[in-house]
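Please read the structure below before turning to the comments.
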Amino acid sequence: MHAHVQQVEQGAAYLAAGVTTVRDLGNILEFVTGIRDTLDAGKGLGPRILVSGIVDGDGPRALGTVRIKQREDIAPVLDRLKRAGCLEVKLYSSVAPSLVRPIAEAAHRRGMRVVGHVPEGMSVLEAIAAGYDGVSHVQFLFDPLFAPGEAGKMSREARARRIADADVAAPPLAQVVRAFAAKKVMLDDTLALYELMNHTAEENARREPGLAKLPRELRGLFDGSSPAQAELDGAIFSKYLAIVGALHRAGVPIVAGTDISVPGHSLHRELELYVQAGFSPMAAIQAATSVPARVMGLQAQVGTVEPGKRADLVLVAGDPIADIRNIRKVTTVVARGRMYDPAALWRIAEFTP
């Protein structure tokens, strides 16, 4: 539920891990829709792709080629995304806060959801009030710990200490949990990504065995935290786990996504982290199956194993309810009516099976 299909090899890697559908949350529009349509026509190897059209605003750090800089841009941009088959509008960090509500209203009128980053100058509570249907990345949930403009004036260590010392059960973080729960706003937290960022390379190798199976070109991407910062960064990650657990207990829809990280493997790690955060193993699996199907309006097609639904299936060697780590032991993948051997798919992507 948080992917970026940017290389053809990723299609094979996702399938090898048992991922039969991905939600692409930001790409060059013509590129990703071309890949989507090619796969849908049966002419390529990869999962189904649900496209979210990424939109940014103006400024030196603006991302991508689709921009909304003023109100007059909203209708033509959203019409373009709708024609391209985008199910959502993903707002990025440079969108002007004053434009978020009118973008959300216009998107909703077109039957599109609004998700993404919390733009600079807004808090996550303001984004929810303005009409967000989903937030990407758990880090944004901690914005209310800082007064407007305060974080930018603080040292990295001071900002980190504020988060590490925060009480998830007390204001203002408890207010964040209530706001998500009240409107059933979805969170794709990307915990597996933040784990790689907040632990040392040695710790990452122990926590994520998929790192040892990467092709040569992708090795060294996740050096992680330095030993000097590891204790504080680890404390931050513990708070990320805690708030995701609190949101789950409050009934907030949590969906499993990784922002690529270690292609394929990190989705398995995401589910393992959900269990650490207090999910039952079944609830963790549902965060990658039935919950995403429901929030994307696809529950009649996918998400559970039932007669009449698509046969997108994964067979694993072991019981993941007894031990969620068994989710990694994928032996067979069925997608688009075809049965795949994961080892052969990993080799196509130049991973070690």
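The values are calculated or read from the model by the stated rules, or taken from the named source; none is laboratory data. In this text, all values refer to a predicted model and were calculated from it rather than measured experimentally. Glycine gets a Cβ as well: all are built from the backbone with ideal geometry, and neighbour counts include every protein chain shown. Only protein heavy atoms, including side chains, enter the accessible area calculation; ligands, DNA and RNA are left aside. Shrake-Rupley method; radii C 1.70, N 1.55, O 1.52, S 1.80 Å.
For the range 306-312, take each phi angle, set θ = phi - 60°, evaluate the Karplus expression 6.51 cos²θ - 1.76 cosθ + 1.60, and give the result in whole Hz per residue in order, putting x for glycine and proline.
9, x, x, 8, 4, 8, 9
Rolling a 1.4 angstrom probe over the protein chains, ignoring ligands and nucleic acids, what is the accessible area of LYS184 in square angstrom, nearest 10?
Ignoring ligands and nucleic acids, LYS184 comes out at about 110 Å².
Can you give the relative contact order of the range 153-280 as a percent, counting alpha carbon pairs under 8 Å and 6+ residues apart?
It rounds to 37 percent for the range 153-280.
Tell me the per residue accessible area of the chain using a 1.4 Å probe; a whole number in Å² is fine.
Heavy-atom SASA per residue in the chain reads 44 Å².
Would you mind checking which residues have amide H under 5 Å from THR332's amide H? H placed 1.01 Å from N; only 5 or more apart, or other chain.
Counting only residues 5 or more places away or on other chains, the set is LEU315.
Quick one: what are the phi-derived ³J(HN,Hα) couplings along the range 167-183, Karplus 6.51/-1.76/1.60 with θ = phi - 60°, whole Hz, x for glycine and proline?
9, 5, 8, 10, x, x, 5, 4, 5, 4, 4, 4, 5, 4, 5, 5, 9
By its C-alpha gyration tensor, with a ≥ b ≥ c as the square roots of the eigenvalues, how is the range 151-215 shaped: rounded for a/c under 1.5, else prolate for a/b larger than b/c, else oblate?
Note, shape of the range 151-215 comes out oblate.
With charges only on Cβ, +1 for K and R and -1 for D and E, what is the dipole size of the chain about its Cα centre, in debye, rounded to 20?
For the chain, the charge dipole is close to 780 debye.
Pull up all non-local amide H partners of LEU63: gap of 5 or more, or a different chain, and H-to-H distance under 5 Å with H placed in the peptide plane.
Result for LEU63 returns GLY57, SER94.
Note down the relative contact order for the chain as a percent, whole number, built from C-alpha pairs under 8 angstrom at least six residues apart.
In percent, rounded to a whole number, it is 17.
Provide the net charge surrounding LYS213, with neighbours chosen by a C-beta distance below 15 Å and charges set as Lys +1, Arg +1, Asp -1, Glu -1.
Charge balance near LYS213 sits at +4.
For the range 165-229 and the range 232-263, write down the distance between their C-alpha centroids in whole Å.
Each part's Cα centre sits 7 Å from the other's.
Among ALA293, ALA192, ALA230, which one moves the most in a GNM of the chain with springs linking Cα atoms closer than 10 Å?
Highest fluctuation of the listed residues: ALA230.
Quick check: at a probe of 1.4 Å, how many percent of the accessible area of the chain sits on carbon and sulfur atoms?
Solvent-exposed carbon and sulfur of the chain make up 54 percent of the total.
When only alpha-carbon atoms are used, what values of Rg and Dmax, in angstrom, describe the chain?
19.7, 57
How would MET339, MET1 line up by accessible area, probe 1.4 Å, largest first?
MET339, MET1
What residue among ALA205, GLY224, GLY245 has its Cα farthest toward the positive end of the dipole of the range 200-259, where the charges are +1 on Lys, Arg and -1 on Asp, Glu, each on the Cβ?
Of the options given, the answer is GLY245.
Once amide H atoms are placed 1.01 Å from N in the peptide plane, what residues at a sequence separation of 5 or more from VAL22, or on another chain, have their amide H within under 5 Å of its amide H?
Correct list: ARG48, ILE49, LEU50.
Tell me, what ³J(HN,Hα) does each residue in the range 251-265 have, in order and in whole Hz, if you take phi through Karplus 6.51 cos²θ - 1.76 cosθ + 1.60 with θ = phi - 60° and put x for Gly and Pro?
Coupling constants for the range 251-265: x, 6, x, 9, 10, 7, x, 10, 6, 6, 6, 8, x, x, 4 Hz.
222 nm [θ] for the chain, helices only, -39500 (n - 2.57) per DSSP H run of 4+, per residue, to 500?
-11500 deg cm²/dmol
Considering Cα pairs under 8 angstrom that are at least six residues apart, work out the relative contact order of the range 49-154 and quote it in whole percent.
23
Just the Cα atoms of the range 200-353, one point each, no solvent: what log10 I(q)/I(0) does Debye give at q = 0.11 Å⁻¹?
-0.51
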